Amino acid sequence: MNIIFFGPPGAGKGTQAKIIEEKYGLKQLSTGDMLREEMANKTELGLKMKSLIDEGKLVPDEIVIEMIAAHVNSDECSKGVIFDGFPRTIAQAEALEKMLADCNKKIDHVIELKVDDNLLDARIEKRAKEEGRSDDNIETLKKRLAQYRSYSADVLPYYKAKNMHTEIDGMKTIDEVTAQIIKILE
Ligand code: AMP
């Protein structure tokens with residue numbers, strides 16, 4: 001089973017991904033996490049991408065497509081993947097479809113966690129205080145929220161047109177959000 005999670009920073013995507021990963025033996029693939037790892041390890045790629053990421057811009061499609069392609073057929077992904085933060089462009093969505101089709105796989109569900117804008121601002125400020133991720137100050141998170149609004153406006157219609165998209169209420173408690181996701185998956 002392969003799932004794509006859509007949701008703004010602060011929507012609780014990471015929390016839900018962990019729960020769903022454990023319940024179904026899936027593997028979460030987050031291009032944001034992979035890029036942060038590259039930057040932390042100061043790899044050539046990480047250093048090259050840092051300024052784009054710091055500015056809240058998207059990194060080039062080929063880079064993230066290659067990152068996903070390098071993992072999607074690994075053993076830990078054999079039961080399926082939760083794609084988190086990918087795809088962010090139509091080109092990425094098409095590349096994903098193709099790489100899955102090449103090994104007789106497909107995306108089963110595209111799940112969008114919807115959160116009210118005011119609640120989101122509050123969550124973002126709380127998270128920025130609690131976590132200490134280097135890119136996680138309020139300014140950066142606001143940039144990422146703007147980035148989310150822009151790319152989801154591109155990519156969600158692509159999945160809506162294919163009838164693959166389901167929206168859930170991300171403002172409920174963690175357990176209630178999980179229950180909504182499970183209902184879609186089962
Ligand atoms: P995230 O933690 O998912 O918000 O990702 C952090 C940053 O990494 C983003 O603001 C982008 O600069 C970059 N990034 C992550 N995933 C992608 C993607 N699928 N396409 C382009 N850029 C990405």
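Listed cross-link partners K105/K172; K50/K79; K23/K98; K48/K98; K114/K172 are compared with a 21 Å cut-off, the Cα-Cα value being larger for K105/K172; K50/K79; K23/K98; K48/K98. Result for the chain in a Gaussian network model with C-alpha springs under 10 Å: among L113, L100, L29, the largest mean-square fluctuation is at L100.
Translational D (Stokes-Einstein, µm²/s) of the chain at 4 °C and 1.567 mPa s when Rh comes from the Kirkwood sum over C-alpha pairs? For the chosen part, D equals 77 µm²/s. For R123, the solvent-accessible surface with a 1.4 Å probe is about 70 Å², rounded to the nearest 10. As a size descriptor, the averaged projected area of the C-alpha convex hull of the stretch 17-90 was calculated at 5.3 nm². Its Cα centre serving as origin, the chain has a Cβ charge dipole (Lys and Arg +1, Asp and Glu -1) of approximately 160 debye. Counted residue by residue at 0.36 nm each, then reduced by the alpha carbon distance between them, the extension gain from S51 to N73 reaches 4.9 nm.
Counting only protein heavy atoms and using a 1.4 Å probe, the accessible area of T43 comes to about 40 Å². Here the stretch 77-186 has an Rg and Dmax of 15.7, 43 Å, counting Cα atoms alone.
Annotation: amide H of V81 within the under-5 Å range of N2, I3, K27, sequence separation 5 or more or interchain, hydrogens built in the peptide plane. In the chain, the calculated helix contribution to ellipticity at 222 nm averages -18500 deg cm²/dmol per residue, counting -39,500 (n - 2.57) for every DSSP H run with n ≥ 4.
For the stretch 11-43, backbone nitrogen atoms closer than 18 Å to the point 7 Å from E186 Cα along Cα-to-C-beta are found at 16-26. For P60, neighbours were defined as the other residues whose beta-carbon sits under 12 Å from its Cβ, and their charges (Lys and Arg +1, Asp and Glu -1) total 0.
The values are calculated or read from the model by the stated rules, or taken from the named source; none is laboratory data. Predicted model, so just to flag it, every value in this text is computed and none were measured. FYI the Cβ positions are ideal-geometry reconstructions off the backbone, even for glycines, and counts take in every protein chain you see. Ligands, DNA and RNA are stripped out before the accessible areas are found, and what is left, the full protein with its side chains, is counted by its heavy atoms. Shrake-Rupley method; radii C 1.70, N 1.55, O 1.52, S 1.80 Å.
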